Amino acid sequence: MKPATPEAYKLLHHGCIALSQIETNGMRVNVEYLRLTNIRLDRDIKNIQEELRNDEVFELWRREFGSKTNLGSREQLARILFDVLGHTCKERTETGRPKMDASAISEIDEPFVKKFVSFEQMKKLRNTFLKGIEREVCGEFLHPNFNLHNVQTYRSSSNSPNFQNFPIRDKKAGEIIRKCFIPRDGHHIVEIDYSGLEVRIAACYHKDPKMLEYIHDPTKDMHRDMAAECFKCKPEEVSKDLRYCGKNMFIFPQFYGDYYLNNAKALWESIHIFGHKVGDVPMIDHLRSKGISKLGLCDPKEKPRPRTFEKHLQNVERNFWEKRFPAYNEWKKSWFDQYQKTGGFNTLTGFRIDGVLGRNDVINYPVQGSAFHCLLWSVITLNKWLNKKNMKTKIVGQIHDSIVADVHESELEVYLKKAKSIMTKRLPEKWGWINVPLEVEAEVTPVNGSWFEKKEMKIA
């Protein structure tokens, strides 16, 4: 960690103090719900395991491996699926082995596979998340650690448990986990999120006119437009889920250095996960009507073939950088060239990053670090105000670009207004290099409601 200015050092110092208080505050857990959910999951896992063991496919598995049969072995499952049952292996690892993660095998039309994926997801939900929460609960409060010292990008991290890693994309798992968390009596859980913070901070570096136009004009929506382009539909036909996928499976990955093959696979998988439709038409049928009949091989050694989704995404990617955001593209090249000459760079927030870094690291670190520092400054300032006013409201968590607080019902309105003022007005006044408007969105639970029940609330 290399603060290059006194202000940067103060940010880290005061950030550590604020986050230590947030850890001490803790987030309340519905311990009885957690206990009963773990019992129910244990039962469901046992039942689906029995179904798998009674399946004809598992009988073939047992014949193949005998006493060494292991239902948790992906390598054994690959042997059964591809060598015994004859399914086509569409994706392989760099070492040539079949790729066996959930996304790779979900498209195999085999009931046993569907049950197996569900079985693995339930085990992860119980063992990684719910058991992790249960293990760390003290009384009825969870006190996760928030760290500023061990992430190269200068973002924060969390452990015991990882508060920043609770699933969102898996809606069922997200619901089960967030129902574990409840506010103190007479309080709301309030999550205030910076809207598109990393996109906005990136614009402070590259100053692409088209990007600035998107940011300054509230009638324009980059995520909606790109979702429409990716799925070959009209902007007005883009649903909330389609927009989410365009944002998180194309735009952000592209900004962070990913490329069209991975984008194509993720977006194609999302069709099955979300059940996308255009109007009343299933997405698969809609794409077929637009001349796209299948995903494609997504093999980096093979050229994308016509009428495939991967070929379409290749064209979308080319247009994205060469026509939509050419100034951003040029900045990436010049920023990396400068790093190669000097061996390092300074962030807008006053930190020095140097050493041996890959191209994507050089492009991403200053944006991710500076964006998080905007949140960190906001956390510090908001927490100081809460302490000074001796308020009942407490900040209880932080997730990259959002602040989670346990807000007393009598303080809700004043808290929301103060948080918005700090995050969108005082911060740009503090750091003059912020050349874009900052926006926040708030989600609030009912009094005594679970974190899952949060609903969007406009801040006056």
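List of remarks:
- Tensor-based shape of the range 1-55 (alpha-carbon gyration tensor, a/c under 1.5 rounded, otherwise prolate or oblate): oblate
- Residue (of Val379, Thr308, Pro183) at the positive-pole extreme of the chain, dipole from beta-carbon charges: Val379
- For the range 324-416, averaging the sequence separation of C-alpha pairs within contact (under 8 Å, six or more residues apart) and dividing by the residue count gives a relative contact order of 17 percent.
- Sorting Glu7, Glu198 by solvent-accessible area of protein heavy atoms yields Glu7, Glu198, largest first, with a 1.4 Å probe.
- Among the protein heavy atoms of the range 249-317, carbon and sulfur supply 51% of the accessible surface, probe 1.4 Å, non-protein parts ignored.
- Calculated [θ] (222 nm, deg cm²/dmol) that DSSP helices of n ≥ 4 give over the chain, each run adding -39,500 (n - 2.57): -14500 deg cm²/dmol
- Close amide H pairs (under 5 Å, H built 1.01 Å from N) link Phe181 with Asn30, Trp451, Phe452, residues at least 5 positions away or on another chain.
- Global form of the chain, assessed from the alpha-carbon gyration tensor, a/c cut-off 1.5: oblate
- Bridge type composition, the chain - antiparallel percent by DSSP, nearest 5: 95
- Rounded to whole Hz, the Karplus (6.51, -1.76, 1.60) HN-Hα couplings of the range 231-236, x for glycine and proline: 9, 6, 10, 7, x, 6
- Here the accessible area of the range 159-239 is 50 percent carbon and sulfur, with a 1.4 angstrom probe and all protein chains present.
- Karplus (6.51, -1.76, 1.60) ³J(HN,Hα), θ = phi - 60°, over the range 417-429, in Hz, Gly and Pro reported as x: 5, 5, 4, 5, 4, 5, 7, 10, 10, 5, 5, x, 5
- With every protein chain in place, the range 1-104: carbon and sulfur % of accessible area (1.4 Å): 48
- Accessible area in square angstrom per residue, the chain, 1.4 angstrom probe: 49
- Tensor-based shape of the range 334-460 (alpha-carbon gyration tensor, a/c under 1.5 rounded, otherwise prolate or oblate): prolate
The values are calculated or read from the model by the stated rules, or taken from the named source; none is laboratory data. All values derive from a computational prediction rather than experimental measurement. Cβ: placed from backbone, ideal geometry, glycine included. Neighbour counts: every protein chain shown. Protein only, heavy atoms only, side chains kept; ligands, DNA and RNA dropped before computing areas. Shrake-Rupley method; radii C 1.70, N 1.55, O 1.52, S 1.80 Å.
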